[in-house]
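Read the structure below first, then the notes.
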Amino acid sequence: TEISYPEKEKELLFSCGTSSWNKVFKKSLLTDHQLCFTEGMIYEDLAMIPILISKCRKISRIPLPLYHYRIDSASTTHRLDAKYKDHLKALQILHSALSKTHYDELQFLTIKELMFYMLPRYSQLIDKNKFRQLHQSSLDFFLSAYPNWQQNRYVRTLPWFKRFYLFFAFSNYSFAIKLVAKYKSSRTL
C-alpha cells in the first residue's frame, strides 16, 4: 500500500475522489465523529467523503483494480428529475462542515465540482431556463462563500486555459460552460 497523511497533505481532500464505492473506512471513524450519509440525497457521497477524509489520521491506497464498476442507466445518479439541486446542496453541506479547517482545499474541490463537472454536465441535460437558474444559484453560493477564489493556491497551478475558462464561467457566461460540455462529450465518443 501507499500511505498518505491528510493532516500534512491537505490536498487529499480533493484528490482522493468523492465516490464511496472505491473506499473502505473503519466503522469507528463514522461512530466516533457521529457521521452518517444523508438518506434520499443523490450526492450523499460528495457531502460525506471529504469530511471523512479530513477526519482520517492516515490513508492507505492499494494501487490495484480490485473493484468492477458497472454503470446502470436506471440508477438514481442518472435521473435528473430536479435532483441536480442535490449537487449544490452537497457542496453547501461541505462548506458548513469544513470551511474553517480546509478552506483552500474545499474551495478548489467546489470549483472542480461546479465548473468542471456539474455545470457542464447539466448544461446538456436540462432545459435552458433551469440551467440558467442552476448556474446563477451556483454562482451566488460560490461567490458568497469564496469571494477571493482567484487567489487560491490550487487554482494558480491550473493550466492557463482552465483558469481562462473559470474566469468566464464565474462571470456568468454560460457559453463557456456549454463549450466545455461539448468538448467533453466529443472526447468521450
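Going by what's in this entry, would Pro120 be described as of a type outside the set (Val, Ile, Thr), out of contact with any Leu (no Cβ under 7 Å at 6 or more places or on another chain) and surrounded by fewer than 20 Cβ atoms within 10 Å (Cβ to Cβ)?
Values: of a type outside the set (Val, Ile, Thr): yes; out of contact with any Leu (no Cβ under 7 Å at 6 or more places or on another chain): yes; surrounded by fewer than 20 Cβ atoms within 10 Å (Cβ to Cβ): no.
Here the answer is no, as Pro120 does not meet what is asked.
Does Leu106 satisfy the condition of being touching a Phe, Trp or Tyr at 6+ places or on another chain (Cβ under 9 Å) and free of Cβ contacts under 8 Å to residues at least 60 places away in the same chain?
On the way: touching a Phe, Trp or Tyr at 6+ places or on another chain (Cβ under 9 Å): yes; free of Cβ contacts under 8 Å to residues at least 60 places away in the same chain: no.
So Leu106 fails the test.
May I ask you to list the residues in the range 68-111 that are in a helix (DSSP H, G or I) and modelled with pLDDT under 85? Walk me through it before giving the result.
Initial filter on the range 68-111 (in a helix (DSSP H, G or I)): 76-78, 84-98, 103-111.
Within the range 68-111, Thr76, Thr77, His78, Tyr84, Lys85 meet the criteria.
Table: residues versus (1) in contact with a Phe, Trp or Tyr (Cβ under 8 Å, 6 or more places away or on another chain); (2) assigned to a helix (DSSP H, G or I).
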position: Glu113; (1), (2): no, yes
position: Pro120; (1), (2): no, yes
position: Gln124; (1), (2): no, yes
position: Leu134; (1), (2): yes, yes
position: Ser137; (1), (2): no, yes
position: Phe141; (1), (2): no, yes
position: Tyr165; (1), (2): no, yes
position: Asn172; (1), (2): no, no
position: Lys182; (1), (2): no, yes
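Asn129 versus (1) part of a helix (DSSP H, G or I); (2) surrounded by 12 or more Cβ atoms within 10 Å (Cβ to Cβ): which is the lone unmet condition?
(2)
Would you check if there is a residue in the range 21-43 being under 24 Å from Tyr154 (Cα atoms), modelled with pLDDT under 90 and either crowded, with 19+ Cβ neighbours inside 10 Å or touching a Pro at 6+ places or on another chain (Cβ under 8 Å) (or both)?
Within the range 21-43 (the criterion being under 24 Å from Tyr154 (Cα atoms), modelled with pLDDT under 90 and either crowded, with 19+ Cβ neighbours inside 10 Å or touching a Pro at 6+ places or on another chain (Cβ under 8 Å) (or both)), the answer is yes, since at least one residue qualifies.
Which residues, counting only those in the range 136-146, are in contact with a Ser or Thr (Cβ under 9 Å, 6 or more places away or on another chain) and open to solvent by 20 Å² or more (accessible area, probe 1.4 Å)?
Listed by number, the list holds a single entry, Phe141.
I'm trying to understand the selection: among the residues of the range 1-38, which are over 20 Å from Ile62 (Cα atoms) and either of a type in the set (Ser, Thr, Tyr) or in contact with a Lys or Arg (Cβ under 6 Å, 6 or more places away or on another chain) (or both)?
Matches in the range 1-38: Ser28, Thr31, His33, Thr38.
Just give me the residues in the range 142-184 being farther than 18 Å from Leu94 by Cβ and touching an Asp or Glu at 6+ places or on another chain (Cβ under 8 Å), in sequence order.
Arg153
Does Asp104 qualify as being more than 25 Å from Glu39 (Cα to Cα), exposed (fewer than 14 other Cβ atoms within 10 Å of the Cβ) and acidic (Asp, Glu)?
Working: more than 25 Å from Glu39 (Cα to Cα): yes; exposed (fewer than 14 other Cβ atoms within 10 Å of the Cβ): no; acidic (Asp, Glu): yes.
No; evaluated as a whole, the condition is false for this residue.
Taking the range 147-171, which residues are surrounded by 10 or more Cβ atoms within 10 Å (Cβ to Cβ) and of a type in the set (D, E, K, R)?
Selection gives Arg153, Lys162, Arg163.
The values are calculated or read from the model by the stated rules, or taken from the named source; none is laboratory data. Every value quoted in this text rests on a predicted model; they were computed, and no experiment measured them. Positions of Cβ are backbone-derived with ideal geometry, glycine not excepted, and every protein chain shown enters the neighbour counts. Side chains included, ligands, DNA and RNA excluded: accessible areas come from the protein's heavy atoms. Shrake-Rupley method; radii C 1.70, N 1.55, O 1.52, S 1.80 Å.
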